[in-house]
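Here is the structure we will look at.
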Amino acid sequence: MHARTVLAGACAGLLTLTLAACGGSGSSTSDATSTPAASTASASASAPALTLVDGWAKSTDSMPAGSMSMTGVFGTLTNATDKDIQVTGGMSPAGSMVETHETVKNASGTMQMQKDLDGFTVPAGGTFVLAPGANHLMVMGLTQELEVGSEVTLTLDTDSGPVEVTASVRAFPGAQESYVPTPSPSQ
């Protein structure tokens, strides 16, 4: 009989704790529900307008000997705003400048890359793909080797202010297009 009393008391205590816990979570549920929403709102307010998703740069050891003066940066530029963002170039500690490049066929039908004088427009709420053999960012005048597994940081010039992005460095032997320098204004 004593065991039944202890068991009944334990069950009553457990039931009381369970009900108290349910009552407590019921009253704090509204707090918990509003807190993540507030956190999400503040996080999105501080989220960058432009990001580089799956960004990568071609390693310098993937390049033919004597061509280590530049490298391409690829990935997907993503615009989280409700306005188009124009990317016109930039800078990087890895080189002297960053240019927007396009790849076009020359008169002989060979693919060559050249500076895109207008830059890239990343549509509002949309993306802009940077790919080997297509539109890409080019770090010009490399000042250091880019080894596989390292990272390169770029500060992009945009019409909404500078945006910092990071790309991992990968080996990539493809996309050996020739480069046509930007003609000087006198030409």
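Remarks
- Counting only residues that are open to solvent by less than 50 Å² (accessible area, probe 1.4 Å) and at pLDDT below 95, the range 143-160 holds 1 of them.
- Residue within the range 118-125 that is among the small types (Gly, Ala, Ser), at pLDDT 95 or above and exposed (fewer than 15 other Cβ atoms within 10 Å of the Cβ) present: yes
- Residues in the range 142-162 that are β-branched (Val, Ile, Thr) and within 19 Å of residue 117 (Cα to Cα): 155, 158.
- Restricting 109, 133 to residues that are open to solvent by less than 60 Å² (accessible area, probe 1.4 Å), farther than 26 Å from residue 171 by Cβ and not acidic (Asp, Glu) narrows the list to 109.
The values are calculated or read from the model by the stated rules, or taken from the named source; none is laboratory data. Quick caveat, the model's predicted, so the values are computed rather than measured. For neighbour counting, all protein chains shown are included, and Cβ atoms are generated from backbone atoms with ideal geometry for every residue, glycine included. Heavy atoms of the whole protein, side chains included, go into the accessibility calculation; ligands, DNA and RNA do not. Shrake-Rupley method; radii C 1.70, N 1.55, O 1.52, S 1.80 Å.
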